Amino acid sequence: MYPGGHRDSPSVADGSITFPFPRDPGHGSPVVIFMSREPPGARTEFEEPPVPRMLDVSEDVRAEIGDAEADRLLVGDNAPGSYDCTSCRTPGNSDQERTSTVLFVGDETAVLAFAHATCIPSQVVQVAEEQLQGAVRSITGNETGAGQSQDLPPEQAVLGITSGLVLIDDELHPALVVEPTGAIARPGTDGSRGDEFLQLLLEQGFHPAPRMDQVPAVLHGWSILLAMGKLHAVLQPGPDGGAPVAWWQAHAPLQVTEGWRTAANKSQTVLVFAAPAGAIGQQPREDLLRDALDRAAADGLLVAAAMPLAGT
C-alpha cells in the first residue's frame, strides 16, 4: 500500500561530499552518494585493512549500486562513519551502531543516504528525478544563482512496525503498532492535503480507537503472516478478490518474543494499531509503548483492527 518515525526529509550533515560511481550493469544512470565523513587519508601498504562497518546493504540496494560498490561500503571504503540519520535526522555512527543504507532512486540519478537500522531497514526508495537533481545541484554548488539552495528530496514514508503485548480486560493480546516515518499522501496526489494516513486506513476498514480498553473489530480479508516464529508480512485482500497481497512486508523476517508468539498462537488473532508519524515514537519498553498508545487514542490519532493469524 505504501513503500515500507516522525521525519519529513532526509538530512545530510555539513561537510557532505559527493562520490559519483556507475550503477550496476543494466543501469545506465550514475549514483551519487552524499555522506558526512572526514577527508580520507592516503593509505600505505603497511596500514591495517579497514574494520568492517556495521552497515546493512539490502539485496535491492546491492542490485542498484553493484557488488563492487556494496563490498567497498561493507569494508569501510565510502562508508559514512558519522552521519545524520535520513529518517530521524539525529546523529549516527556506522562504526558503533547498526546502520542501514537507503538508496533514493530517480529516473537518472540515485542518492545513497544512511539511517539507524532501528529507524528503517536498508531499502531502495523511488523519488522524482527533479527532486534528486535539486539535491545534487544544491550540494555540489551548481545551483543557478549565487547563494541559492534547495532542500533535499522529501523522504518517501515507510511503515515502521513494533510488536508487543497489550493488556485489555485483564488479558494480554499480541499487538502490532504501525507508524509511518513521515506524512502519507493519497496515491495520485501531491500531498498538499496533508497527512491522510488515518483516513486511508479508515477507508480500508480500520476503526477509530478512542480508548485502549476494547478489543477492536476483526478486519476481514486482512491477516498477519507469521512463519517459524518470525513476522513476515501484513496481508490485505488482493485486487478484484484475488490472492492476498502484502500491505507491509518485512525487509527481513522480524523475530518476535516467545510470549508474543504464544499469545498469538493461542488467540489466532493479532491486534493492529496504527497512528500517524510522530504520534507513538520509538519506545524501549512495553509499558512506555502502552502509554504512547493511550495518549494517541486520547488525542484521536489511533485506529485499530483485529486480524487473524496466518502461520505459526
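The values are calculated or read from the model by the stated rules, or taken from the named source; none is laboratory data. Just so you know, these numbers come straight off a predicted model, no measurement behind them. With ideal geometry, Cβ positions are generated from the backbone for all residues, glycine too; neighbour counts draw on all protein chains shown. In case anyone asks, the SASA skips ligands and DNA or RNA and just uses the protein heavy atoms, side chains included. Shrake-Rupley method; radii C 1.70, N 1.55, O 1.52, S 1.80 Å.
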When (1) open to solvent by less than 60 Å² (accessible area, probe 1.4 Å); (2) among the charged types (D, E, K, R); (3) assigned to a loop (DSSP other than H, G, I, E, B); (4) modelled with pLDDT of 80 or more are applied to Glu143, the one that fails is (4)
Pick out the one residue from Val136, Val178, Val127, Val166 that is β-branched (Val, Ile, Thr) and modelled with pLDDT under 65. Val136
Working only within the range 277-289, note down all residues that are in a helix (DSSP H, G or I) and open to solvent by less than 60 Å² (accessible area, probe 1.4 Å). Leu288, Leu289
Residue identified as in contact with a Pro (Cβ under 8 Å, 6 or more places away or on another chain) and surrounded by fewer than 17 Cβ atoms within 10 Å (Cβ to Cβ) among Ala263, Ala304, Ala227, Ala217: Ala227
Can you find, within the range 259-295, the residue that is nearest to Lys230 (Cα to Cα) among those that are in contact with a helix residue (DSSP H, G or I) (Cβ under 9 Å, 6 or more places away or on another chain) and among the β-branched types (Val, Ile, Thr)? Val270
Selection count, the range 92-116, where residues are at pLDDT 80 or above and surrounded by fewer than 21 Cβ atoms within 10 Å (Cβ to Cβ): 5
Identify the single condition in (1) at pLDDT 80 or above; (2) more than 18 Å from the chain's Cα centre (by Cα); (3) open to solvent by 60 Å² or more (accessible area, probe 1.4 Å) that Ser149 does not satisfy, given that it satisfies every other one. (1)
